[in-house]
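So the structure is just underneath, and the comments pick up after that.
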Protein chains: 2
Amino acid sequence: MGVPMTERTRRPSAPTIYDIAEKAGVAASTVSRALNKPGRISTETEARIRAAADELGYRLNPMARSLQSGLTGNLALVMSDMTNPVYFDLVRGAERVTADAGCTLLFADSQENVDIELDAAQRLLRVADGLMLVGSRLSDEQILSLSALKPVVTVNRLVDGIPAATAEVEVGVHQAVRHLHELGHRDIVYLEGPSASWMNGRRHEVIAADAAALGMTVTFLDSDGPTIEGGHAAVPRVVATGATAVIAFNDLLAFGLLQGSREAGVDVPVSLSVVGFDDIFGANLLTPPLTTVRSHMRNLGEAAVLALRNAIAGEDERETERPATELIVRGTTGPVAPAGP
Amino acid sequence: MGVPMTERTRRPSAPTIYDIAEKAGVAASTVSRALNKPGRISTETEARIRAAADELGYRLNPMARSLQSGLTGNLALVMSDMTNPVYFDLVRGAERVTADAGCTLLFADSQENVDIELDAAQRLLRVADGLMLVGSRLSDEQILSLSALKPVVTVNRLVDGIPAATAEVEVGVHQAVRHLHELGHRDIVYLEGPSASWMNGRRHEVIAADAAALGMTVTFLDSDGPTIEGGHAAVPRVVATGATAVIAFNDLLAFGLLQGSREAGVDVPVSLSVVGFDDIFGANLLTPPLTTVRSHMRNLGEAAVLALRNAIAGEDERETERPATELIVRGTTGPVAPAGP
DNA sequence: CTGAAAGCGCTTACAG
DNA sequence: CTGAAAGCGCTTACAG
């Protein structure tokens, strides 16, 4: 009587180079060479080995190779908040370049929490060849200690001695501030992002400098978080400053500002102009559509992977890539309203 | 003369269990046991070993363990389009559960392309213990052949013999169709998603059945793709049917429908009601905000990971999780307009 | 061009 | 409770 077969598909243990060696009548080391360094083996032997490998459906065991080489072929990416649409394009760019290089992308989200971020970074670093930190909230010391383990690349963050990929900041901010100035705005607000965000610091500085150069005053207001809710909640405080325009650290804040303004009866752009950063998904779909500073996140993701692969290869080129930024003028900015009666 | 030190941080090769063994004066096998099966070792030896490990800053080499066990601790996720906001919550849910289990998430995007999807799936499967296929466009045969290699779980897709996590469909569709019926709509359109999408097939079927039961007619219209552009381009054909309401396969299509309607001077919801699926980021921010069928993608992501871990553990429980769906009524649906003069 | 051997860092029967 | 040894699947000097 036949043994009852289970319904489950059989998963026989995968063939190894020893199986191939036996089948092809050669040594395992020859198989390894035939498969990895074509040309170092006689044409006929190589053909015989490849045929045997195909027949057996051989697949290299990457763990065995990793154990040998110390390299995994994995690149890790940790980001501060993966539900922020600004990162979608970055991840997609990073994923594409990683896949093209035959590597695979490892992935964790720190939910804007330093402890989770550190934990995730350490966890991923054990199984990856290097780490990309996107919008990290870690301290310089923490990042440095991570980089003592394996190569680390920061994205939109600068730490001395660590390779980085950062978006260019100045051009977009120049355009945004000048745009508001041309529309007649003289008193503006900058609604801050997280204090631990390097990019927030940069935007703050450049806005301050540009505004000063044009004779505008800027009030810096903290937000509860770089989220729609944070922007929503900030509306009364923004209005209280008497400013006629607000630049928000990111589009999420700007979205919330728009939402809150509408509920508070503040007419955008007639009595308040709003500018965001990032040009995230949906920015052009709002009514009115959002004026915002776009950065090319996809390029940034690609640049980060390139920088990391360089660092892993031991190449010291710390050329920090700087994808351009540009102001996209849409409907949330307008001329300053004539003074009231 | 001192040898000039390079600026680069030194990355000394990591300590192994042999280093610990030497320092603690025991055998490597004892170290392994002390670290992995606490209790099987005398308390004092274990303490000595742990102290030595700490002092050395020991970290387990996961490749070595993997080579031994055949398991990597990696779970792979391949999705059809990671820029579709519907997946953000799914990924976040999956990532969280994966991390909680001490595993790590591997990640690829197929950009709605079958070849890329198959390629990515095979690539990831070599370095992961199992694979989650989200919104797969692969054929049943392709999925089956993948699952011959390692455990595979499908998300929002059913293949005979493959464990799956799917969102419940019926309740949300019932609510949507009934909602339109109550508003007086009798002729509606279903704007289709990709024909290779299992979920599109399900939605199609249930809408057809529900509409028939309520005496409504439904016209099925193909779209160029499940994107904003696809929805935008479909507006003339939707209008040409004379239908008073349209249900779109997903919110991206619905967004495009809204955008196209506005440009074509079609007033939503006065002369056309629009319903989407997914309740993606931005759906509530539009003007008018989108009426849509929400599914709890985060739960779906969690369910997928659970199912995959079950499959890897060899547990045969094919209990397919079914996170609920519900209609979120907002501003894009309204009573059918009185017949013209 | 090809083979025999050692080793990557761990785990796990097998003894004691 | 602990140690010596073999083995996971591959790669790479070292010989020939």
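Overall size of region B:196-252 from C-alpha positions, given as principal axis extents largest first: 32, 28, 15 Å.
Counting only alpha carbon atoms, the long axis of helix A:228-240 and the longest principal axis of chain A meet at about 20°.
Per the Kirkwood definition applied to all pairs of different Cα atoms, how many angstroms is the hydrodynamic radius of region B:170-295? Before the final figure, lay out the partial values.
Numbers: mean 1/r = 0.0716 Å⁻¹.
Evaluated over region B:170-295, this radius sits at 14.0 Å.
Normalised by the number of residues in region B:170-295, the average gap of Cα pairs under 8 Å and 6 or more apart makes the relative contact order 24 percent.
Sorted from nearest, the other copies put their A:Lys37 label points 4.1 nm away, the label point being 7 Å from Cα in the direction of Cβ. Average partner chain C-beta neighbours within 10 Å, per residue of B:59-66? Per residue, the number of nearby Cβ atoms from other chains is 5 on average. Axis angle, to the nearest 10 degrees, between helix A:114-127 and the longest C-alpha principal axis of chain A: 20 degrees.
Before anything else, pin down the relative contact order of region A:118-232: Cα pairs under 8 Å, at least 6 apart, normalised by residue count, whole percent.
Numbers: 142 pairs, mean separation 24.2, N = 115.
Dividing the mean separation by the residue count of region A:118-232 yields 21 percent.
By the beta-carbon count within 10 Å of each Cβ, the least crowded to most crowded order of B:Ile207, A:Ile41, A:Ile247, A:Ile280, fewest first, is A:Ile41, B:Ile207, A:Ile280, A:Ile247.
Return the subset of B:Lys23/B:Lys150; A:Lys37/B:Lys23; A:Lys150/B:Lys23; B:Lys37/B:Lys150 for which the Cα-Cα distance in this structure is over 30 Å, preserving the input order. Walk me through the numbers on the way to the answer.
On the way: B:Lys23/B:Lys150 40 Å; A:Lys37/B:Lys23 40 Å; A:Lys150/B:Lys23 25 Å; B:Lys37/B:Lys150 28 Å.
With Cα atoms farther than 30 Å apart: B:Lys23/B:Lys150; A:Lys37/B:Lys23.
Between A:Tyr18, A:Tyr190, A:Tyr87, the Gaussian network model of chain A with springs among Cα atoms under 10 angstrom shows the greatest mean-square fluctuation at A:Tyr18. Run a plain Debye calculation on region A:1-121 (Cα atoms as equal point scatterers, no solvent) and give log10 I(q)/I(0) at q = 0.12 Å⁻¹, rounded to two decimals, same order as the q list. Computed log10 I(q)/I(0) values: -0.72. Largest GNM mean-square fluctuation among A:Ala245, A:Ala21, A:Ala211, using chain A with Cα springs under 10 Å: A:Ala21.
Please arrange A:Thr291, A:Thr83 by how many other C-beta atoms lie within 10 Å of their C-beta, fewest to most. Kindly include the intermediate steps, with their values, before the conclusion.
Values: A:Thr291 26, A:Thr83 18.
In order of increasing Cβ crowding within 10 Å: A:Thr83, A:Thr291.
Sorted ascending by nearby beta carbons within 10 Å, beginning with the fewest, B:Met132, A:Met79 become A:Met79, B:Met132.
Over all residues in A:94-104, what is the mean tally of Cβ atoms on other chains that come within 10 Å of each residue's Cβ? Don't skip to the end; give the middle numbers.
Values: counts 1, 6, 4, 0, 2, 8, 0, 0, 1, 2, 11.
Rounded to a whole number, the mean comes out at 3.
Kirkwood radius, region A:102-204, all distinct C-alpha pairs, inverse of mean reciprocal distance: 15.5 Å.
Packing order of peptides B:298-309, A:303-314, highest average first: B:298-309, A:303-314 (average count of other Cβ atoms within 10 Å over each peptide's residues). Using the empirical formula 2.2 N^0.38 Å as the baseline, the Cα radius of gyration of region B:17-60 reaches a ratio of 0.95.
Tell me the mean residue ellipticity at 222 nm calculated for chain B from its helices only (DSSP H runs of n ≥ 4, each -39500 (n - 2.57), averaged over every residue, nearest 500). Don't skip to the answer; put the middle values down first.
On the way: 12 runs with 148 residues, N = 341.
So the helix-based figure for chain B works out to -13500 deg cm²/dmol.
When only alpha carbons of region A:261-312 are considered, Rg and Dmax amount to 17.1, 54 Å. Working from Cα pairs under 8 Å separated by at least six residues, relative contact order for chain A is 17 percent. Here the label points at A:Thr287 and B:Ala240, each 7 Å from Cα along the C-beta direction, are separated by 2.7 nm in the simple model.
Take the Cα radius of gyration of the protein assembly as shown and divide it by 2.2 N^0.38 Å, N being the number of residues; the result is 1.08. Modelled spin labels at B:Ala51 and A:Ala313, positioned 7 Å past Cα toward Cβ, are 4.7 nm from each other.
Here chain A has an Rg and Dmax of 26.8, 100 Å, counting Cα atoms alone. Can you give the angle from 0 to 90° between the axis of helix A:251-264 and the longest principal axis of chain A, with both taken from C-alpha atoms, to the nearest 10? It is inclined by approximately 40 degrees.
FRET efficiency for the pair A:Ala324 and A:Leu214, taken as 1/(1 + (r/R0)^6) with r the Cβ-Cβ distance and R0 = 22 Å, rounds to 0.50.
What's the extension gain from B:Glu141 to B:Ser195 if we count 0.36 nm per residue and subtract their Cα-Cα distance? Each step should come with its number before you reach the end.
Working: separation 54, 0.36 × 54 = 19.44 nm, distance 1.66 nm.
Here the answer is 17.8 nm.
A:Gln68 label point (Cα plus 7 Å toward Cβ) to equivalent points in the other copies: 2.1 nm, shortest first.
Since every read-out is calculated from the coordinates, none of them should be taken as a lab result. Just so it is clear, the structure is predicted and the values come from calculations on it, not from any experiment. Neighbour counts are summed over all protein chains in view; Cβ atoms, including those assigned to glycine, are modelled from backbone coordinates with ideal geometry.
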